[in-house]
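Take a look at the structure set out below.
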Amino acid sequence: MIKIKITLIIVSFSLLACACGQKSDKLKINPTAVRLNNLAIDLSLYMDNNDSAGKAIKFLDSATSIDSNYFLGYYNKLMFLNQLKQYDKAIVTVNNLIRLKPNANDIYWNGGIIYEKIGDTVSSRFYFQKSLTICTKVLDTMNVNNKDYYMLVTNKAIDLIMLGHQTNGNLLLKEVFENQTDSFQKEMIHSFMNRSKSEIIEMVSNRKVQDSKVSVSNQGDF
């Protein structure tokens, strides 16, 4: 059985959120690509087994070869590639995700994490800064009553910590924690408070895959 660690708050929020004020046309995904993605999902229960993870990657490679715009196929492939520490291929996958969702802050964040793992701090800083810029730009025009407001403040806070601004990042986390009313989200936010950059990277090193029922057209663009 897969060991479920703390799910990356940036990813879990943005996959369920609607694009910020942007309407996206419903994408028609190739049904064979969807079937291959679902075969990979079936193997997620055995993600700790390298053979199973490798087989899942082959399914997802085929899915994204059939449909080069299949966001969910790339997203799930990234999870398995990280599991096998195939970081060079993971970076290629991140850049395909960015091609499809250029304004999704969480994708740049994932790129930053991967570059940190391979020791390329120059590239990681660029990706974290890009994520921060997107969050800040959206927050500048977003009403505090927007359902996504506190999620984006949390993302911004984590970006700041990853860029070395721990004090400012933790002040934002404290603010969003005190104003959050949802108990689950409150617990998740608390788990990131007063953590170092290296601790956060360790916390989010294992993430869940998403099945084809998640609406690609509604995945976050911020």
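The values are calculated or read from the model by the stated rules, or taken from the named source; none is laboratory data. What you see is a predicted model; the values in this text were computed from it and never measured. Note that each Cβ is placed from the backbone with ideal geometry, even for glycine, and that neighbours are counted across all protein chains shown.
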Original post:
Is it the case that ALA90 is over 18 Å from the mean Cα position of the chain (by Cα) and surrounded by 22 or more Cβ atoms within 10 Å (Cβ to Cβ)?
Top reply: no
Subject >> Number of the condition not met by THR141 [criteria: (1) farther than 30 Å from LEU81 by Cα; (2) surrounded by 15 or more Cβ atoms within 10 Å (Cβ to Cβ); (3) not charged (D, E, K, R)] >> reply: (2)
Original post:
Looking at (1) in a helix (DSSP H, G or I); (2) at pLDDT below 95; (3) among the polar types (S, T, N, Q), can you tell me which one ASN103 breaks?
Top reply: (1)
Subject >> Subset of segment 31-90 that is in a helix (DSSP H, G or I) and of a type in the set (Asp, Glu) - its residue that is nearest to ILE107 (Cα to Cα) >> reply: ASP88
Subject >> Residues being assigned to a helix (DSSP H, G or I) and either touching a Cys at 6+ places or on another chain (Cβ under 7 Å) or surrounded by 14 or more Cβ atoms within 10 Å (Cβ to Cβ) (or both) - total across segment 169-188 >> reply: 11
Original post:
What residue, of LEU132, LEU160, LEU152, is in a helix (DSSP H, G or I), under 16 Å from the mean Cα position of the chain (by Cα) and modelled with pLDDT of 95 or more?
Top reply: LEU132
